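Read the structure below first, then the notes.
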Amino acid sequence: MDASSVGAYIASMDMSSVFSALADTLRAIPRSELLMAAVAAMVIGWIGAFAAKRTAWGSVMRTFSSIALGVILLTVVLQLSRFDPRFDVAVPQIGLPEQVVAGGETRIPLGPDGHYWVRAEVNGVPGNFMIDTGATLTAISAPLAEQAGLAPRRGGIPIMLGTANGTIQAHVATVDSLVLGNIRATGTDAAIAESFGDFNVIGMNVLARLGSWRVEEGTLILVPKAEDRIDP
């Protein structure tokens with residue numbers, strides 16, 4: 001591909017989504033302690049780089065910046081790894097509790113719209129949830145989150161989620177108790193965003209922590225792991 005072709009290709013790209021995502025990230029910085037800490041660490045590193053030739057404090061500032069950015073990166077990795085049940089990272093000391101799904105077998109009939117819906121309780125507050133095996137993360141609408149007393153995790157990072165209406169920004173909260181049928185999930189990560197409207201989803205971060213789930217004659221059957229089963 002020659003230079004003119006590359007230029008034409010770039011010119012034809014719709015950059016609005018890219019700029020929108022960048023703007024969302026910049027707007028999120030003041031609301032995220034972790035992002036603010038990262039920006040502060042980088043600024044200290046830059047100042048240290050300029051001051052290193054004049055004073056020993058420059059080297060100290062650069063070292064501090066490197067250590068701080070390393071800790072921040074580790075914290076980000078720990079938070080993101082929780083979305084994958086294969087890792088099951090739990091560090092309660094920094095607000096990342098163990099995620100457990102326990103209880104008894106739960107059967108959910110197929111809804112008229114072709115989806116599986118369940119009446120669940122978030123910290124004791126009821127809401128309708130769609131079971132979505134294509135969703136990585138459980139998602140809770142802002143109104144339900146407010147009623148349930150959920151708030152974005154301190155030091156958390158904003159995440160970008162792909163929806164039918166495009167990419168949106170969401171914040172992650174910890175749900176102390178999520179009850180659906182005979183199953184109770186504790187310490188569950190959930191995304192919260194105004195853009196969800198009144199829509200709530202049970203995602204794979206809950207389903208994958210079950211022993212199994214299957215569909216029989218139109219009924220979705222959720223079964224906890226043997227060690228997490230609690231017979232009624």
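Coordinate-derived values only; no laboratory data. Keep in mind that what you see is a predicted model, and the values were worked out from it rather than measured. Methodologically, a virtual Cβ is constructed for each residue, glycine included, from the backbone with ideal geometry; neighbour enumeration extends over all protein chains shown.
3J(HN,Hα) along the range 53-70, derived from phi through the Karplus expression 6.51 cos²θ - 1.76 cosθ + 1.60 where θ = phi - 60°, amounts to 6, 10, 8, 5, 5, x, 5, 4, 5, 5, 5, 4, 4, 5, 5, 4, 5, x Hz, with x in place of Gly and Pro. Put a dot 7 Å past the Cα of W57, heading toward its Cβ, do the same for A142, and the two dots end up 4.4 nm apart. The C-alpha atoms of the range 173-215 occupy a region whose extents along the principal axes are 32, 24, 17 Å, arranged from largest to smallest.
Among H115, H171, sorting on how many other beta-carbon atoms sit within 10 Å of each Cβ, with the fewest leading, yields H115, H171.
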